[in-house]
Amino acid sequence: MTNERLRDLLDLFPARRIAVVGDFFIDKYLDTDPLIAELSVETGKTAHQVVTVRHSPGAAGTVVRNLAALGTGALYALGIVGDDGEAYDLLNDLHELGCRTEGLIRSRERMTPTYLKPRDMNDPGLTGEHERYDTKNRTATPPALLDRVIRALDDLLPELHGVIVSDQVVMDDCGVITTEMRAVIADRALRYPNVVFMGDSRAHIREFRNIVVKPNEFEAVGWYNPLPGDTVNDDMLREAIMELRRMTNAPVCATRGARGMFVSDPEPTAVRGVRVEGPLDITGAGDSALAGTALALASGASLPEAALIGNLVASITIQQLATTGTASRAEVMERFGLWLAQEKETFHE
């Protein structure tokens, strides 16, 4: 990758049309001030005093936020949310990003998935977060709602450059990316070979077919309970991603945290990440890497080039504390300079 090549790819981002299909959450932050905490008269427990309420699109919405920050020309959200106040806030937030939401189906049969995050306003790091409260749908997604999402996708496909699939819900068939939806996506990926399809999943990465998948290194090898500091060695990961590639019938990008990504095509290749220092917040790092990688692929990048762009984006977002960060094209160009300098140091060591 050269500065000129990276600039050429980034310059294509404003001409790309990308749909994000999947589980749209809302991240809702309650900033509390411990200095004015009160004692509940009724229970004797601490009544934390909220001084600011912030919210932003989460999960699939985090992908949209990153795509918008990178200057994607047209964005479309496809999924299912509730007919509630959280949906109202979520749709407004997406509209502010320039994202079209006609394909984001509202229904009284579902709740809008929400990550409620009370936190200490004086501590921007992860230690400032209180216990989180999650709202998720825990019953099977009604087929009639899925049909509406599928119709919305089919209406858009002829004009898209890319489709990003965000499967956030772990419970089988309780989110948008159900068994049926994965079959539909596999079919459409074959029917629209000029559209880049790329997906991520918390629990079902091995069930995708015909689309580029982005597991982390542990998911790639089937290791679901890693301890802090654990890593997967290159030989094991290389073997695992090539097996996963055969299984899914499509390329694989395995993220490795600070070490970057390992990609399957055109041959198994380690794409190094950027070394960054200081306090870090890895919330949403995988989504930002997904957005950068998929958008680059939709702009004509090779898989290693796209993985590098995904690495650059993620290295920027993790330095933004107490929020799910984003990166601009200008920041990506600047961070590439740091990556090049680190590559030279590695070469001379």
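The values are calculated or read from the model by the stated rules, or taken from the named source; none is laboratory data. Being a predicted model, the structure only gives us computed values, none of them experimental. Glycine also receives a Cβ, built like all others from the backbone with ideal geometry; neighbour counts cover every protein chain displayed.
The rows are residues; the columns are (1) more than 14 Å from residue 27 (Cα to Cα); (2) of a type in the set (Val, Ile, Thr); (3) surrounded by 15 or more Cβ atoms within 10 Å (Cβ to Cβ); (4) in contact (Cβ under 8 Å) with a residue 40 or more places away in the chain.
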residue	(1), (2), (3), (4)
63	no, yes, yes, yes
72	yes, yes, yes, yes
80	yes, yes, yes, yes
89	no, no, yes, yes
92	no, no, no, no
124	yes, no, yes, yes
127	yes, yes, no, no
153	yes, no, yes, yes
Filter result for the condition that a residue is over 18 Å from residue 67 (Cβ atoms) and either touching a strand residue (DSSP E or B) at 6+ places or on another chain (Cβ under 8 Å) or of a type in the set (A, V, I, L, M, F, W, C) (or both), over 296, 270: 270
Selection within the range 298-349 - β-branched (Val, Ile, Thr) and surrounded by 14 or more Cβ atoms within 10 Å (Cβ to Cβ): 309, 313, 316, 317, 318, 323, 324, 326, 332
Test: residue in the range 90-98 that is modelled with pLDDT of 95 or more, touching a helix residue (DSSP H, G or I) at 6+ places or on another chain (Cβ under 8 Å) and not hydrophobic (A, V, I, L, M, F, W, C): yes
Residues within the range 60-105 that are more than 26 Å from residue 328 (Cβ to Cβ) and among the aromatic types (Phe, Trp, Tyr), tallied: 1
Enumeration of residues in the range 158-176 that are outside any loop (DSSP other than H, G, I, E, B) and touching a residue at least 40 places away in the same chain (Cβ under 8 Å): 159, 162, 163, 164, 165, 166, 167
Subset tally (residues that are farther than 13 Å from residue 21 by Cβ, free of Cβ contacts under 8 Å to residues at least 40 places away in the same chain and in a loop (DSSP other than H, G, I, E, B)) for the range 177-234: 18
Answer from 267, 243, 334 - the residue that is over 20 Å from the mean Cα position of the chain (by Cα) and either of a type in the set (Phe, Trp, Tyr) or part of a loop (DSSP other than H, G, I, E, B) (or both): 267
